[in-house]
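Enquirer: Please read through the structure below; I'll follow up with questions.
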Amino acid sequence: MEILVCEILNEIKEGYPFLKNINYSNDVKSIALNNLPPMYFLSNISEGEKKAFILDRQKRIAVLSEIISAINIVTKNL
């Protein structure tokens, strides 16, 4: 799940200038990850299966939603 959170966070950083600060970015990432279910891959899983997980639309929407919620929490405390 961390890979997906990092990927989406990097995609939306341009719209949130405060995320250029590594501390705020890490706070958002931590809050989002704490509110998402953990996902683990077996070591023998194929790269294709990992990529399919990352590209799954529903997972991306859930992660984006948690990132936006985390951004709201962090910006309230700036």
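The values are calculated or read from the model by the stated rules, or taken from the named source; none is laboratory data. Computed from a prediction, not measured in an experiment: that's the story for all the values here. We place every Cβ from the backbone using ideal geometry, glycine too, and count neighbours over all the protein chains shown. Note: accessible area is taken over every heavy atom of the protein model, side chains too, but ligands, DNA and RNA are not part of it. Shrake-Rupley method; radii C 1.70, N 1.55, O 1.52, S 1.80 Å.
Enquirer: Above 17 angstrom, tally the Cα pairs of the range 1-40 and express them as a % of all pairs, no decimals.
Expert: Beyond 17 Å sits 24 percent of the P(r) for the range 1-40.
Enquirer: Any idea how far apart ILE68 and ASN10 come out in nm if each label point goes 7 Å out from Cα toward Cβ?
Expert: Going from the ILE68 label point to the ASN10 one covers 2.3 nm.
Enquirer: Given the alpha-carbon gyration tensor of the range 36-78, what are the semi-axes of its equivalent ellipsoid in whole angstrom, ordered largest first, with each equal to the square root of 5 times an eigenvalue?
Expert: 28, 11, 7
Enquirer: Right, something else. Within the range 1-74, what whole-number % of the accessible surface is contributed by carbon and sulfur, with the 1.4 Å probe and all protein chains included in the calculation?
Expert: 54 percent
Enquirer: Okay, moving on. Residue separation times 0.36 nm, minus the C-alpha to C-alpha distance between PHE18 and LEU78: what's the value?
Expert: 20.7 nm
Enquirer: A further question follows. Give the accessible surface of the chain per residue, rounded to a whole number of Å², with probe radius 1.4 Å and ligands, DNA and RNA excluded.
Expert: 69 Å²
Enquirer: Sticking with this structure for a sec: Please give the contour-minus-distance gain from ILE45 to ILE3: 0.36 nm per residue of separation, less the Cα-Cα distance, rounded to one decimal in nm.
Expert: Details: separation 42, 0.36 × 42 = 15.12 nm, distance 1.54 nm.
So the chain would gain 13.6 nm between ILE45 and ILE3.
Enquirer: Give the residue list of chymotrypsin sites (Phe, Trp or Tyr not before Pro) in the range 11-46 that are DSSP loop and have at most 12 other beta-carbon atoms within 10 angstrom.
Expert: TYR40, PHE41
Enquirer: Right, next: Computed from these coordinates, which is Rg/Rh (Cα atoms, Kirkwood Rh): [x] 0.98; [y] 1.01; [z] 0.91?
Expert: So the structure-derived entry is [y].
Enquirer: In straight Cα distance, which aspartates and glutamates are under 20 Å from LYS29, not counting same-chain residues fewer than 8 positions off?
Expert: GLU2, GLU7, GLU11, GLU14, ASP56, GLU66
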